[in-house]
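See structure below.
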Amino acid sequence: MKEEIFNQQIEAAQQRLHELWQRTRESPSLPDPQETLTMEALQELSTALEELQVATEELQQRNEQLAIAHETVKAERQRYQELFEFAPDGYLVTNTLGIIQEANRTAAALLNRSQNSLIGKPMAIFVTKEDRKTFRDILTELNHFPQLHDWEVRLQPSKGQPPFPAALNVAAIRDRSSNLIGLRWLLRDITERHQQAEQTRKALEQEKELSNLKSRFIRAASHEFRTPLTIISMSAELLERYKHKLSDVQKDSHFQKIRIASKQMARLLNDILLLDKTEAGKLEINPIPLDLVEFSRELVEELQVSIGSQHAITFIHQGQCSNAYLDKKLLRQIIDHLLSNAIKYSPRGGKVHFELICQDRQAIFQIQDEGIGIPKEDQLRLFERFHRGRNVGTISGTGLGLTIVKECVDLHDGAIAIKSEVGSGTTFTVKLPLNQLNQK
Ligand code: ATP
Ligand code: MG
């Protein structure tokens, strides 16, 4: 607009100059030399005006170009602002001391604050206490070398909110002379990345554990099968080869050995199948009315027959135990394994006490021996598959019995406790709710 007025003024001046020049030429009053001088002056003035006009046009053109450039910059800035504002990742701009100067929406959402309230706050206050020192060290370093790629830190949004893992990337902001004037931070919530990594780690661990278990199982089972198999094959061979020379008592002894060994194998197979069932979540509880005294006595007698006179099991009971409602098969597993252990880990002639108490709607089974005992370090891990005490020496076993016991106790919503002293003996106490159905 200004340029147009200026142009019009120039044109008007040129017009008036032209008229003046015409009039001067036509005027008869002026003497000759003076007329020439005036004409020359007017000519110069006219040239100067023309040059002025060209210069004005050039200026005008440059102004237009400048205006276009200005518009482009404005649009660019607007675009950057929108990208910054609506970026899916969190962006913060801080000065070199880490004081926040700009924050986009995602950053505000991540830190659970409004964008405005973030301005002027030191970024360090959003870093968890544990990571804050490292953050400050990194900030100092950024002032010398302003670049950071995927640094993992735990960010703490406003108080009361749980911290979350974030990856930080930093780029430098510089002025025209390349001086560092600020830092642009990219904040990315990597909770999901962490969870996925954790899941993969767990899956790998489980796989490793499973393959470990498999090989331990194969080792234990083959070892445990070998002993009874050797006994069976030796006794069978002796019976076959010397059947005419052996006395009836000797023959009976071999038959008994074969019977015990095959029972041992059947038991082991049974344990394996049972564990397989528990792992598949297929072991179920089927309670039936049960007279616990009768049930326990039968079990003790059965065991006493199979172990002979090497150990004496005493059984006593207290309270009203005839109307229990428990799973017979599972209960058999519990008592059988505990009594077998008590016998197995006691020296010859060692006494085993089995006490049954029914009180306060609970059945308490207490099995006590005077055997080798269990070291403290092993006591906590006894219910893990294959775990065996370090003091078992040459006593055979797979370390599966107590795992089964625990599963069966858990299915009854019961509890199991151990009291043991190395060299003095062990007491296992199992407590099961008596009338399960009535209680539930
Ligand atoms: P199995 O699978 O044949 O029963 P195991 O007897 O070794 O083998 P568990 O019954 O699970 O396995 O017992 C685990 C470990 O606990 C035993 O190896 C032993 O170290 C210890 N233990 C269990 N009961 C007793 C006990 N009464 N006295 C001493 N140690 C015991
Ligand atoms: Mg055992």
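Readers should treat all values here as calculations from the given coordinates under stated rules, not as data from a laboratory. As the structure is a prediction and not an experimental result, all values here were calculated from the model. Here Cβ is always computed from backbone atoms with ideal geometry, including for glycine, and neighbour counts include all displayed protein chains.
A few points about this structure:
- Checking Cβ-Cβ separations below 4.7 Å across the chain identifies 408 as cysteines lacking any candidate disulfide partner.
- Value of [θ]222 nm, deg cm²/dmol, for the chain, DSSP H segments ≥ 4, -39500 (n - 2.57) each, nearest 500: -18500 deg cm²/dmol
- The chain - convex hull of the alpha-carbon atoms, volume per residue in Å³: 283
- Taking other C-beta atoms within 10 angstrom as a stand-in for reagent exposure, 5, 232 fall in the order 5, 232, fewest first.
- In plain terms, the chain is cut at each of the GluC sites (Glu not before Pro) found in a DSSP loop with at most 15 other Cβ atoms within 10 Å, and the longest leftover piece is 1-283.
- Each other residue within a Cβ distance under 14 Å of residue 142 adds +1 if Lys or Arg and -1 if Asp or Glu, for a net charge of +1.
- Within the straight-line cut-off of under 14 Å between alpha carbons, the aspartates and glutamates reachable from residue 277 are 407, sequence neighbours fewer than 8 places apart in one chain being disregarded.
- Straight-distance crosslink candidates among lysines, where the alpha carbon sits under 24 Å from residue 121 and sequence neighbours closer than 8 are dropped: 129, 133, 159
- Under 18 Å from the Cα of residue 351 - lysines, other chains or at least 8 residues apart: 419
- Members of 329/406; 282/328; 263/344 lying beyond 21 Å, as alpha-carbon distances in this model show: none
- The angle between the Cα long axis of helix 248-279 and the main principal axis of the chain comes to about 20°, on a 0 to 90 degree scale.
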